[in-house]
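A.B. asks: Following this message is one structure expressed as structure tokens.
The values are calculated or read from the model by the stated rules, or taken from the named source; none is laboratory data. Everything numeric here is computed off the predicted structure, so don't read it as measured data. A quick note on method: Cβ atoms are made from the backbone with ideal geometry, for glycine too, and the neighbour counts reach across all protein chains shown.
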């Protein structure tokens, strides 16, 4: 049995199939998916249907593009000009796929593997246990098990404020901050305030900002596996922060990381 973590698929179904074949992925293997399963690529519907069929072997955390789809489906928002979600939104099984997707997590931890999976990152102010606890608050809302309904959450989800964590946050402000840290964060300042403007390479980042993982206390266990930041090209310079988004949708590659061996396997964009 092997466990493979894969970065942002973003609707690149041909590359996903080719990568699984390259891995020799079998019935006893497990797949960890770092979010952004869909959007921007050509085959979001095929990807979701494939993963839905494989759901017994998958551990999924949601990314900002997955949440965007759910915000369109349940929150009344309109697709953006660069979205490629029309086929998915018009599919006869869109309600079934949407219901399944909002049951997924924002953070996944496996103690035996000594790895934690998240889409964007975990802020330095939070321990892993706190990240799991805060993620659960949002997960319960999305799954329809909270005072705030999931449709209301997706209706009010968007926004950059509050941009820094406080234990005193309540209601949608708290849920939005948790969601943004886990699914949108890249750079933060010394106080942990998120910057949403810079999405490119670190060399071009403002000098008063640093990547979220630089502020965490270095630790080998658990390692944080994350996607979201294609401009890192899979390199963080830290053994405890493993970047999985290598820009398949932008013509580069789809990356898998074997948790048991630490090996990286890549499939070039087709």
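A.B. asks: Look through segment 104-139, keep the residues that are under 14 Å from the mean Cα position of the chain (by Cα) and in a loop (DSSP other than H, G, I, E, B), and return whichever of them is surrounded by the fewest Cβ atoms within 10 Å (Cβ to Cβ).
C.D. replies: Within segment 104-139, the match that is surrounded by the fewest Cβ atoms within 10 Å (Cβ to Cβ) is 104.
A.B. asks: In segment 1-18, which residue that is over 20 Å from residue 108 (Cβ atoms) and in contact (Cβ under 8 Å) with a residue 60 or more places away in the chain is nearest to the chain's Cα centre (by Cα)?
C.D. replies: 11
A.B. asks: Being more than 20 Å from residue 188 (Cα to Cα) and touching a helix residue (DSSP H, G or I) at 6+ places or on another chain (Cβ under 7 Å): is that true of residue 269 here?
C.D. replies: So residue 269 passes the test.
A.B. asks: Next question, about the same structure. I'd like the full set of residues that are out of contact with any strand residue (DSSP E or B) (no Cβ under 9 Å at 6 or more places or on another chain) and not in a helix (DSSP H, G or I), limited to segment 11-42.
C.D. replies: Hits for segment 11-42 are 11, 24, 26, 27, 28, 36, 38, 39, 40, 41, 42.
A.B. asks: Further question: Filter segment 27-42 for residues that are touching a helix residue (DSSP H, G or I) at 6+ places or on another chain (Cβ under 8 Å), surrounded by fewer than 24 Cβ atoms within 10 Å (Cβ to Cβ) and within 20 Å of residue 257 (Cα to Cα) and give the result.
C.D. replies: Residues satisfying the conditions are 27, 29, 30, 31.
A.B. asks: List the pairs whose first member sits in segment 156-170 and is modelled with pLDDT of 95 or more, whose second member is loosely packed, with under 15 Cβ neighbours inside 10 Å and part of a loop (DSSP other than H, G, I, E, B), and whose Cβ atoms are under 7 Å apart, counting only residues at least 6 apart or on separate chains?
C.D. replies: Pairs found: 160/196; 163/193; 164/191; 164/193.
A.B. asks: On to the next question. Residues of segment 43-83 being in contact (Cβ under 8 Å) with a residue 40 or more places away in the chain, surrounded by fewer than 19 Cβ atoms within 10 Å (Cβ to Cβ) and assigned to a loop (DSSP other than H, G, I, E, B), which ones?
C.D. replies: 76, 77, 82, 83
A.B. asks: So, one more: So how many residues does segment 151-162 have that are more than 17 Å from the chain's Cα centre (by Cα) and either crowded, with 19+ Cβ neighbours inside 10 Å or assigned to a loop (DSSP other than H, G, I, E, B) (or both)?
C.D. replies: Here the count works out to 5.
A.B. asks: Right, residue 190: loosely packed, with under 15 Cβ neighbours inside 10 Å and under 20 Å from residue 231 (Cβ atoms) or not?
C.D. replies: When the stated conditions are applied, residue 190 does not pass them.
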